[in-house]
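Single-structure report; data block below.
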């Protein structure tokens, strides 16, 4: 029996690529049906969502955040030791 | 602290610094793309010539998205110590990247056939500048991946402590993908 949690399934690369391709198809469809400012807004939102998904999951942005907090803790602890 | 533990700590610290350095570079590189993309609206407004091949643009987008998947799987392979998965996916990414470059070349060939998309015309300037700069990034990404492939192909140690080279090249490749996510609607879909 598959014991993967929903969050694990949602994070799998295959699901993510499916969502990205679907968003691209929606983007293409939107460009065929809408015009003007509404089209620009829709394209911007879809682009931001796609970029956000790639940055968060493919590029592990959360890992960077952990690195930054680690460095800050390192700086704080080192300065406390010096004092 | 034992020597081994000290070595691991030093490696982790250098990995942290490497990651931060790479992210700073990626952000600065992305800001260059933001400037170029915004220039499209100043130079040519929100029109798109009908001569632009929509399906070619869509195909190029799908290709780059798929290459992000293979790049991600290569990184996952490197971190889990799975050499076959890593090398196979790096090679796949390189192949898709080369096909993408051929597609961009075809796009240029089509663009040169219509007066409105000549490099001397406003839209042509935007098209050739954006796709040219992006293609240069793709090319450097391919070189980075090729170097990593030849370095790691016969590397003795593969695993989470020795996967920075793959991670760095793959993250750069994802930046190329993110840039195209915005270049595609800017050049092809805005109307």
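The values are calculated or read from the model by the stated rules, or taken from the named source; none is laboratory data. This is a predicted model, so every value here is computed, not measured. Quick reminder, even Gly has a Cβ in these numbers, built from the backbone with ideal geometry, and neighbours come from all protein chains shown.
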Which listed residue is modelled with pLDDT of 95 or more, within 14 Å of the chain's Cα centre (by Cα) and surrounded by fewer than 20 Cβ atoms within 10 Å (Cβ to Cβ), from B:104, B:138: B:104
Which of the residues belonging to the stretch B:153-168 are crowded, with 21+ Cβ neighbours inside 10 Å and either in contact with a strand residue (DSSP E or B) (Cβ under 8 Å, 6 or more places away or on another chain) or more than 16 Å from residue A:54 (Cβ to Cβ) (or both)? B:163, B:166
Within the stretch B:119-126, is there a residue that is surrounded by 22 or more Cβ atoms within 10 Å (Cβ to Cβ), assigned to a helix (DSSP H, G or I) and within 18 Å of the chain's Cα centre (by Cα)? no
Restricting the stretch B:166-191 to residues that are more than 9 Å from chain A (Cβ to nearest Cβ) and under 19 Å from residue B:45 (Cα atoms), the residue that is modelled with the highest pLDDT: B:183
Test of understanding: among B:111, B:76, which residue is in contact with a helix residue (DSSP H, G or I) (Cβ under 9 Å, 6 or more places away or on another chain) and either within 14 Å of chain A (Cβ to nearest Cβ) or not in a helix (DSSP H, G or I) (or both)? B:76
What number of residues within the stretch A:16-36 satisfy the criterion of being closer than 18 Å to residue B:46 by Cα, in a helix (DSSP H, G or I) and either touching a residue at least 24 places away in the same chain (Cβ under 8 Å) or within 7 Å of another protein chain (Cβ to nearest Cβ) (or both)? 3
